[in-house]
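The values are calculated or read from the model by the stated rules, or taken from the named source; none is laboratory data. None of the values given here were measured: they were computed from a predicted structure. Cβ coordinates were reconstructed from backbone atoms using ideal geometry, including for glycine residues, and neighbour counts include every protein chain displayed.
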Amino acid sequence: MARLLYRGAALAVLLAALAVNGGPSDHARANGVPQLVKLTYLEGVSNFGPTDAEGVLEFSFAEAYARVDVKHLKPATGYTYEGWLTGGSETPFRVGEIKVDAAGLGVLDAKLTGLNSYGYDLFVVVARPSSDHGAAMPAELSIAGRFTVIGDETGAAAGGDARPGSLPSTGEKPANDLAGRIGRTLTAAGVVGAVAFVVLSFKRRRSAA
């Protein structure tokens, strides 16, 4: 009987450890830390628009999203602004249209749907002529910013985003939050404590007998 109780206690400890750690994860290698990229009129890249325009790109390949905030990027008659991922040997990827107001302020929030590669190192705000209805990236390049995506799946550099082991699913369940982990920890502690109490009570009864 005592042996069975000890085995039960060991099993309870194992289950408690799994509960605290949240169990196995389908996306254990995906790091959701966002990366920030400063956008400016970049020498050797930019060839269109105001030279004092600037902005910030926030993105995460692991979480499959991008946000762009720009200022001093005033509207250009006959053009619309778009955000593109490019650089390297990959085919440029259109993130979305950036709508700007008369003051030159604009925002783009987008999901990186259909992204097939992480081999990019440059984000560019381009200006598409109203006469251009094609799918290719225009040649009119405004502000831009370079970045480096970490290739090591086990860690991320400062300000960087670890490349996920698989392409992200934008409809996946959210990761375990702090409140959930605390709840599982308390539950696990309760299970272990209850088993330990039973084992101790049994030993005391054996000793008294």
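One table, with the values for the structure above:
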| quantity | calculated |
| --- | --- |
| Candidate set: segment 129-147, residues that are aliphatic (A, V, I, L, M) and in a loop (DSSP other than H, G, I, E, B); chosen: the one farthest from Ser60 (Cα to Cα) | Ala139 |
| Count - residues of segment 22-79 that are outside any strand (DSSP E or B), surrounded by fewer than 19 Cβ atoms within 10 Å (Cβ to Cβ) and at pLDDT 95 or above | 15 |
| Positions within segment 112-128 being in contact with a strand residue (DSSP E or B) (Cβ under 7 Å, 6 or more places away or on another chain) and either touching a residue at least 40 places away in the same chain (Cβ under 8 Å) or over 14 Å from Phe59 (Cβ atoms) (or both), in sequence order | Leu112, Leu115, Leu122, Phe123, Val124, Val125, Val126, Ala127, Arg128 |
| Residue check for Ala62: in contact with a Pro (Cβ under 6 Å, 6 or more places away or on another chain) and either assigned by TED's automatic domain parsing to the domain that holds Leu105 or not acidic (Asp, Glu) (or both) | yes |
| Subset tally (residues that are part of a loop (DSSP other than H, G, I, E, B) and either under 25 Å from Phe61 (Cα atoms) or aliphatic (A, V, I, L, M) (or both)) for segment 96-111 | 3 |
| Check on Glu153, touching a Gly at 6+ places or on another chain (Cβ under 8 Å) and modelled with pLDDT under 90 | yes |
